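Asker: Pasting a structure here, questions to come.
Values quoted throughout were computed directly from the atomic coordinates according to the rules given, and no laboratory measurement underlies them. Note that the structure is a prediction, hence the values are computed from the model and not measured. Neighbour counts run over all protein chains shown; Cβ positions are idealised from the backbone, glycine included.
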Amino acid sequence: MYRTIIFDLDNTLVEQDTPTLLPNRKEVITGLNSKGIEIYLASNQSPPSWNRILSKNKPLAAKYYTLADMIARFERVMNELPIISCHAALIVGDATEADKLRKMLRNPDKIIDLSPTKIIMSYRLDWRKPLPGMLNFIVSNYRLDRRECLFVGDNDRDKQVARNARMDFQHADDFFDQRSVSVSTPLTSAKT
């Protein structure tokens, strides 16, 4: 039986690059929460500076966020959904963004806990999906049994991170399209 569901953010709960919830998300997640299912969020996020460096100042295909933008997005989603905590793996390459994080962290390998909003961010490389560091942190920090955890995402990288963290995966389209989401038995179907 799943007692915990961890969701990806973009294209799983919200439209890409916006805080707008996708259809059926609030109703399904509120229903799961009312059954005692714990809800967490795990997402790769990237401030704009590093992506400009990687793209060599070419126009970016997607929007990338400042740290303040990311926090605001998470807070808005958390205000609408019964999420225990949000977790974000950051890529930081620009000195300005890195300095902001260092002031918060005092050590670049630690985790930023923005309590009481319960947003936890890190730019440890092992937190970047498909590496399992972020999911492993959620499991160990909240003392969860990974056999009772389901990761819901929208792409192959999400499927791979679930596999790497030794937990079940279900594609968001399949998860939210069910007439009645059941969490009584492990769901092993995954969109390929």
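Asker: Taking 0.36 nm per intervening residue step and subtracting the Cα-Cα distance, what contour gain separates residue 35 from residue 141 on full extension?
Answerer: 35.9 nm
Asker: Using a simple spin-label model with points 7 Å from Cα along the Cα→Cβ vector, what separation in nm is obtained for residue 1 and residue 24?
Answerer: About 2.4 nm, to one decimal.
Asker: Grab the Cα-Cα distance for residue 79 and residue 166, subtract it from 0.36 nm times how many residues apart they are, and report the gain in nm with one decimal.
Answerer: 28.3 nm
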